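Here is the structure we will look at.
The values are calculated or read from the model by the stated rules, or taken from the named source; none is laboratory data. On a predicted model such as this, the values are computed, not experimentally measured, just so you know. Using ideal geometry, Cβ is built from the backbone for each residue, glycine included, and neighbour counts are taken over all protein chains shown. For accessibility, only protein heavy atoms count, side chains too; no ligands or nucleic acids. Shrake-Rupley method; radii C 1.70, N 1.55, O 1.52, S 1.80 Å.
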Amino acid sequence: MSFNRPDQLLKLQESFDICIIGGGATGAGVALDATLRGYKVLLIEKGDFASQTSSKSTKLVHGGVRYLEQAVKKLDWQQFKMVYKALHERKTLLKNAPHLAYPLGLLTPCYTYWERFYYRIGMWLYDKISGSTNLKSSRGLSKKEIQQEFPAVASQHLTGGVLYYDGQLNDARYALAILKEAERLGACVINYARLDSFVLGQKSLKIKKVVFTDTCSGHSHEIPVKAVVNATGPFTDKIRSLANPKMKPRMKVSRGAHIVLPAEFWQGNTALLIPKTADGRVIFVIPWRGSVLVGTTDDPDTLSETPTILQEEKEYLISYFNRYSAKKASLKDISATFVGQRPLLQVQLESALNTDTKSLVRDHEVEVDGRSKLVSIMGGKWTTYRIMAADTLDVLEKVVFNQKPINCLTKDHVLVPESAVSLPEEIPSDIQAHLLELYGPAAGEVYSYGSERLLPSEPYLAGELVYLKKHEMAVTWEDVLARRWGISLRDEALAERLQATKKEAFAS
Ligand SMILES: Cc1cc2nc3c(=O)[nH]c(=O)nc-3n(C[C@H](O)[C@H](O)[C@H](O)COP(=O)(O)OP(=O)(O)OC[C@H]3O[C@@H](n4cnc5c(N)ncnc54)[C@H](O)[C@@H]3O)c2cc1C
């Protein structure tokens, strides 16, 4: 069986131990963990994998400098624990898929001597909490050193800065890699499969079956399952109310907008952390796959399938970029934009409903509905997806299966196995770099589908389209451009040119 829809649909004839709803980072993590524990797993995703929040993150694998600051200032033990967990998880994410997650240096510019001292101590603490999992030690820099080493930064009024390290990931492809591996080990994984309802037991009102629609064919499926995990991120409350209409909402949605600029606006490989904007936010300027990512915002929002950027968000992000960058940009230089919705967990129901989203803890919680036995995994962040999955299954096994949890095996599980087909050495260097960056050990196999370029000056290949359909379950052009290649999130004009070359290859 391969990772394509026809093969996965063939697996639907049987019943499953665990059905996971949602194919973002969280659902993917649960699917792999559950499969490795030996369960028969079905995962359904109503759109494409990672098409919601999980492909629209700032792409940092981080503990969260801002969360550490909040934890220390408010003596908040819960927040501190979350930073600790995430910091220790960074190295695992990088180790298990090194072509999709790698270290990133971030510079914090300082404008007073007090700030230099404050951030130096803060980053020292960040290193210390990471312990043996620290990626690289932070260091203080004088104004002169910044001018020499980081010419991209506007140096007016600087007193110095602090350089520290976190990770950066290709979020959409990381989710895909987790799902592909779960499938390879036996899970049934289907995109464009929308959960519509549950069939409940007549007396117990426990979930007995999931009812979902294959939105490509319109066919409805009713599949017996022993347990259901709701991993639908911002959509969590909708699924909870389908299982038990009496459950009160727990999620609060916050929007985060990003703009993307061409690489020429930010030279070098080091990112910038703007630690405090006038309205108390953190903004990053990040070199990202040949472009520059600037974001993000953090404002309460209403749930949407297709959140789009507002003019004022573009202006806000450009104005902060221009304050800190030596090379100035204007709105017309923006090559792409994207907006994600954070699935934030309301901790104390009544008070949290009126809470500013910037101060809600980005931790997670596993909830089991006493009546339907729906297991919902809520909150969290990309960096902690694996811990969230392990916690979810531990709770599910104890509460729903009434058994001692089986050991979690994901910590040392490499996500993309070595392939028997190697990449020829004498191919053009841009194609080689492109294939290795996206497919890692599978690059040779992808190249075996053909070497014809779609556009003369770009490394994207016609053969890749065949591979993406057969082995990465791409259904529409958007699946290819936004998530398999990630181009429409960086360069909307290039995305259009690529699509025009072979419009007929995928649905629009
Ligand atoms: C702007 C922004 C920046 C962020 N930056 C970072 C960062 O730098 N680092 C970090 O660690 N974290 C970051 N995060 C947090 C991180 O991105 C999220 O916590 C994570 O992606 C959530 O994943 P998820 O799988 O829970 O949700 P999602 O990715 O939203 O996945 C849920 C899935 O459920 C599916 N679904 C919904 N209803 C149904 C249904 N009825 N049937 C089937 N499927 C359904 C949806 O289509 C969706 O794909 C950021 C978040 C945002 C918004």
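Numbers for the structure displayed
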quantity: For the range 94-101, Karplus couplings with θ = phi - 60° (6.51, -1.76, 1.60), whole Hz, Gly/Pro x; calculated: 5, 5, 7, 8, x, 7, 10, 9
quantity: Förster radius 30 Å - calculated FRET efficiency between S241 and Q403, Cβ distance, rounded to 0.05; calculated: 0.55
quantity: Solvent exposure of the chain as accessible area per residue, Å², 1.4 Å probe; calculated: 41
quantity: The chain, helix-only ellipticity at 222 nm - DSSP H runs n ≥ 4, -39,500 (n - 2.57), divided by all residues, nearest 500; calculated: -9500 deg cm²/dmol
quantity: Stretch in the chain that is longest and holds no GluC sites (Glu not before Pro) that DSSP places in a loop and that have at most 14 other beta carbons within 10 Å; calculated: 15-304
quantity: Percent carbon-and-sulfur accessible area, the chain, ignoring ligands, DNA and RNA, probe 1.4 Å; calculated: 55
quantity: Gyration tensor over alpha-carbon atoms, the chain, equivalent ellipsoid semi-axes in Å; calculated: 36, 29, 21
quantity: Backbone HN-Hα couplings from phi across the range 365-374 [Karplus 6.51/-1.76/1.60, Hz, Gly and Pro as x]; calculated: 8, 9, 10, 10, 6, x, 8, 7, 6, 5
quantity: Summed side-chain charge close to V41 - residues other than V41 whose Cβ falls under 15 Å, Lys, Arg +1, Asp, Glu -1; calculated: -1
quantity: About the Cα centre, charge dipole magnitude for the chain (Lys/Arg +1, Asp/Glu -1 at Cβ), debye; calculated: 1440
quantity: Reachable aspartates and glutamates, given that their alpha-carbon falls under 20 Å from the alpha-carbon of K332 and they are not under 8 places away in the same chain; calculated: E264, E312, E313, E315, D491, E492, E496
quantity: Within-12-Å neighbourhood charge of V211 [Cβ basis; K, R +1; D, E -1]; calculated: 0
quantity: Solvent-accessible ranking of R281, R194, largest area first, probe 1.4 Å; calculated: R194, R281
quantity: Computed P(r) (all Cα pairs; the range 102-148; 5 Å bins; percent); calculated: 5, 20, 27, 24, 15, 8, 2
quantity: Shape call, the range 429-505: gyration tensor on alpha carbons, a/c limit 1.5; calculated: rounded
